[in-house]
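Remarks on the structure that follows.
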Amino acid sequence: MEINPNSLYQELQAMAAEAGRPNQALTQPDSNPSRAQFVEMLHDAVNGVNDLQKASRQMQQRFEMNDPSVSLVDVTVAREKSSIAFEATLQVRNRVLEAYRTIMNMPV
């Protein structure tokens, strides 16, 4: 499964539109340096998970093609690393969305 940072961004934009309020943080991420840094950090994290998954997939294919430089242990470790990274990313996303919903439901 490949992670696309654009789909996470679109999901957050859809939630902002659903709330009925334009969200400046999502539409103008470069207006504040700390927002830009957060967006860049999030983008790097998602790309890192994606790279782990691609490396795991390539290692698995090399093992299936009987590449002598790849052992079953290497494939298993790479697969577990990518699985753990993906699960952690999902948990972070779920927490961010939960926090966003909580904030949007607060009385003004």
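The values are calculated or read from the model by the stated rules, or taken from the named source; none is laboratory data. As the structure is a prediction and not an experimental result, all values here were calculated from the model. Cβ: placed from backbone, ideal geometry, glycine included. Neighbour counts: every protein chain shown.
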Matching residues in region 81-108 - criterion: being among the hydroxyl-bearing types (S, T, Y) and surrounded by 12 or more Cβ atoms within 10 Å (Cβ to Cβ): S82, S83, T89, Y100
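Can you tell me which residue among F86, F63 is of a type in the set (F, W, Y) and under 22 Å from the mean Cα position of the chain (by Cα)? Can you show your working first?
On the way: F63 fails: under 22 Å from the mean Cα position of the chain (by Cα).
The match here is F86.
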Unique match (being surrounded by 11 or more Cβ atoms within 10 Å (Cβ to Cβ), modelled with pLDDT under 90 and either part of a helix (DSSP H, G or I) or in contact with a Cys (Cβ under 6 Å, 6 or more places away or on another chain) (or both)) among A55, A36, A78: A36
